[in-house]
Each structure stands twice: as C-alpha cells, then as structure tokens.
1. I'd like the residue in the stretch 3-26 that is of a type in the set (D, E, K, R) and more than 12 Å from the chain's Cα centre (by Cα) and, out of all such residues, is modelled with the lowest pLDDT.
Amino acid sequence: MSETPTWQCNLQLTNDLRAPHIARHTIRTALRGHASPPDLTDTAELLTSELVSNAVKHSDGPVTVRLRSRPEGIRVNVLDNHPDLPNPLPCTTDQSFGRGLYLVESLADAWGRYPVTGHFRVPGWKVVWFELAARE
C-alpha cells in the first residue's frame, strides 16, 4: 500500500459565534475529501469545535485553524490572541461549561498549548493543539 501524502489546510476566522460551526464543517470536508476514516474525522471535528469555541469565548481577535495530515495521523492547531494557557477544568455534572479541554484530553492521542514567541505575532498569542493517530 502506498504511503498517504502529507497535506495541510489553513482557515482564518473572525471572532464570531459562527466560527466553531465553520471550523467543524471545514475540518470534516477536508478530512472526508482526503478519505480519512470516519472515526478520526468525527473526533477531529468535535475537538476542533471545542478549541475554536474556547478561542472565540476567551479572545477578542481572529482565530486561525491549521489542520496537518501526515501518514502517522493528523494535528490541529488553533491560534488566538488570548495570552492565558488553558488547563482542563474538573469535569462536573452540574455545570453546562468547562468540558471542552476535558474532551480534548480524553479523546486526543496528544495535546498541548504554548505561547507564540518571536516576531510572528505580537506577544500574548497562543496555540492549543491536538493530535490523532491514524488507525488501521
């Protein structure tokens, strides 16, 4: 079997309540277009939506989503201008919020966050990312 080629999809979003919806559909379309397995596509769509929702809620600038696919799996980065690096909240049944990073932590094969440094953006920007391994 031939190796799956590496490809990338970038999405620039305004800070708008419709951004998570647009990101979900873009990720789904890109992954389906490259014949990704349905379970990987569904999980990537959910986790991207959670990260973009957090970015829209906590930042006041644009949100960038980058999907990279490689033979070993996919990686999604979400970039926003809120300086705080998020941590998962304890998951409780009496709150209607705070489950996004818990889902990312539970469903992703790897995830993390880091501040953007250097001349790429003004100080205060960050990236939250997750990876999903390709499954046979």
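1. Glu3
Each row is one residue, and each column tells you yes or no for (1) of a type outside the set (D, E, K, R); (2) at pLDDT 90 or above; (3) outside any strand (DSSP E or B); (4) crowded, with 18+ Cβ neighbours inside 10 Å.
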{"position": "Lys57", "(1), (2), (3), (4)": "no, yes, yes, no"}
{"position": "Arg68", "(1), (2), (3), (4)": "no, yes, no, no"}
{"position": "Thr92", "(1), (2), (3), (4)": "yes, no, yes, no"}
{"position": "Tyr102", "(1), (2), (3), (4)": "yes, no, yes, no"}
{"position": "Val122", "(1), (2), (3), (4)": "yes, no, yes, no"}
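Yes/no per residue for (1) assigned to a loop (DSSP other than H, G, I, E, B); (2) surrounded by 15 or more Cβ atoms within 10 Å (Cβ to Cβ); (3) touching a Pro at 6+ places or on another chain (Cβ under 7 Å):
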position	(1), (2), (3)
Leu17	yes, no, no
Arg28	no, yes, no
Ala35	yes, no, no
Thr41	no, yes, no
Ala44	no, yes, no
Thr48	no, yes, no
Val52	no, yes, yes
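The values are calculated or read from the model by the stated rules, or taken from the named source; none is laboratory data. In this text the structure is predicted, and so the values were computed from the model without any measurement. Note: ideal-geometry Cβ built from the backbone for every residue, glycine included; neighbour counts use all protein chains shown.
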